[in-house]
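For reference, the structure is listed below as structure tokens.
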Amino acid sequence: SVPEEDNTSVRRILVVDDKRDGATTLAAILRKSGHRVEIAFSGEQALDLGDSLHPDLVFMDIGMPGMSGHETCQRMRAEDWGECIRIIALSGWGQQQDIERSRQAGFDEHLVKPIASATVRRLADAPDVRDPKRVDGTHAE
């Protein structure tokens, strides 16, 4: 017999990037893994989509015109649906101060572009989308 597909690992994922090529490529990788993916091309659009999608996970570019990824993340965290979701920063910058700024804005992780497909899939397929012990970016024992 054919094994039943396990849909428990399907995530609602929001990809936020003003660069359409990057956003659609990332979304395609995630969709290929079976996830439900929506794309926002601005911080404002991300907040609107987040309100209706209630994503489990967000991959967000930091350097967007208008509302930056940092501001968008802070505003997501202020929403009921955004308090406990996992939000991952995507950036061209990876110095310690960049990572710390992302953490202060409310991001759970800070990835430096280009991001490997395997890394994207690993993060999306992780059993615990957000580790409640890791609210401030550190691991509690």
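The values are calculated or read from the model by the stated rules, or taken from the named source; none is laboratory data. In this text the structure is predicted, and so the values were computed from the model without any measurement. Heads up, the Cβs are rebuilt from the backbone with ideal geometry, glycines too, and the neighbour counts pull from every protein chain shown. Areas reflect the complete protein model, heavy atoms only, side chains present, ligands, DNA and RNA absent. Shrake-Rupley method; radii C 1.70, N 1.55, O 1.52, S 1.80 Å.
Observations on the structure shown:
- Taking every DSSP bridge with both residues inside region 1-107, close to 0 percent are antiparallel.
- Rg/Rg_ref, region 31-124, where Rg_ref = 2.2 N^0.38 Å and atoms are Cα: 1.01
- Accessible-area composition of region 5-45, carbon plus sulfur, in percent [1.4 Å probe]: 46
- Region 1-132: relative contact order as a whole-number percent, Cα under 8 Å and 6+ apart: 23
- Taking other residues whose beta carbon is less than 11 angstrom from the beta carbon of GLY63, and scoring Lys, Arg as +1 and Asp, Glu as -1, yields -2.
- Charge dipole magnitude, Cβ of K and R +1, D and E -1 - region 45-125, Cα centre, debye nearest 20: 320
- Top positive-direction residue, dipole computed over region 15-86 with Cβ charges, set GLY22, THR72, PHE41: GLY22
- Charged side chains reduced to their Cβ positions (Lys and Arg at +1, Asp and Glu at -1) give region 15-86 a dipole of some 360 debye around its Cα centre.
- Per atom type, region 52-104 shows carbon and sulfur on 44% of its accessible surface, probed at 1.4 Å.
- Converting phi to 3J(HN,Hα) with the Karplus coefficients 6.51, -1.76 and 1.60 and the offset θ = phi - 60°, region 24-32 yields 5, 5, 4, 4, 5, 4, 5, 5, 4 Hz in sequence order, with x at every glycine or proline.
- Per-residue ³J(HN,Hα) for region 49-66, Karplus 6.51 cos²θ - 1.76 cosθ + 1.60, θ = phi - 60°, Hz, x for Gly and Pro: 5, x, 5, 8, 7, 6, x, 7, 8, 10, 9, 10, 5, 7, x, 9, x, x
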